[in-house]
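S.K.: Questions regarding the structure given below will be posed in turn.
The values are calculated or read from the model by the stated rules, or taken from the named source; none is laboratory data. All figures in this text were calculated on a predicted structure; none of them were measured in a lab. Neighbour counts are summed over all protein chains in view; Cβ atoms, including those assigned to glycine, are modelled from backbone coordinates with ideal geometry. Note: accessible area is taken over every heavy atom of the protein model, side chains too, but ligands, DNA and RNA are not part of it. Shrake-Rupley method; radii C 1.70, N 1.55, O 1.52, S 1.80 Å.
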Amino acid sequence: MDIERDKSERQQLALSAQNFALKTVVRALVDHARASDPEITDRLEAAIDARHARLERLSDTDREFTERARSYLSLLTTPPD
């Protein structure tokens, strides 16, 4: 059981490291893009809103997806401290 837990912890560590690296790269790219396109965040948010608006009947899953997409977009477009 310790072997399985160790393997799971290593997988979680790898995923966390990958997620951190991806967030770091995307934030840097968005910061760079913002220099020439100050409204990039608004355009990205509009893409989420447009997807949401195209849905005919909104389920709880659709609403949760949109909320999470907005939250994750905010995380990726907010400049690091």
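S.K.: Being surrounded by 10 or more Cβ atoms within 10 Å (Cβ to Cβ), modelled with pLDDT of 95 or more and among the hydrophobic types (A, V, I, L, M, F, W, C): is that true of LEU15 here?
M.R.: When the stated conditions are applied, LEU15 passes them.
S.K.: Being in contact with a Ser or Thr (Cβ under 6 Å, 6 or more places away or on another chain) and surrounded by 10 or more Cβ atoms within 10 Å (Cβ to Cβ): is that true of VAL25 here?
M.R.: For VAL25, the condition - in contact with a Ser or Thr (Cβ under 6 Å, 6 or more places away or on another chain) and surrounded by 10 or more Cβ atoms within 10 Å (Cβ to Cβ) - is not met.
S.K.: OK, next. Can you find a residue in segment 43-54 that is at pLDDT below 90 and either of a type in the set (Lys, Arg) or touching a helix residue (DSSP H, G or I) at 6+ places or on another chain (Cβ under 9 Å) (or both)?
M.R.: no
Every residue, every condition in (1) of a type in the set (Lys, Arg); (2) over 25 Å from ALA21 (Cβ atoms); (3) open to solvent by less than 90 Å² (accessible area, probe 1.4 Å), yes or no:
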| site | (1), (2), (3) |
| --- | --- |
| ASP37 | no, no, yes |
| ALA46 | no, yes, yes |
| ALA50 | no, yes, yes |
| ASP60 | no, yes, no |
| ARG63 | yes, yes, no |
| ALA69 | no, no, yes |
| THR77 | no, no, yes |
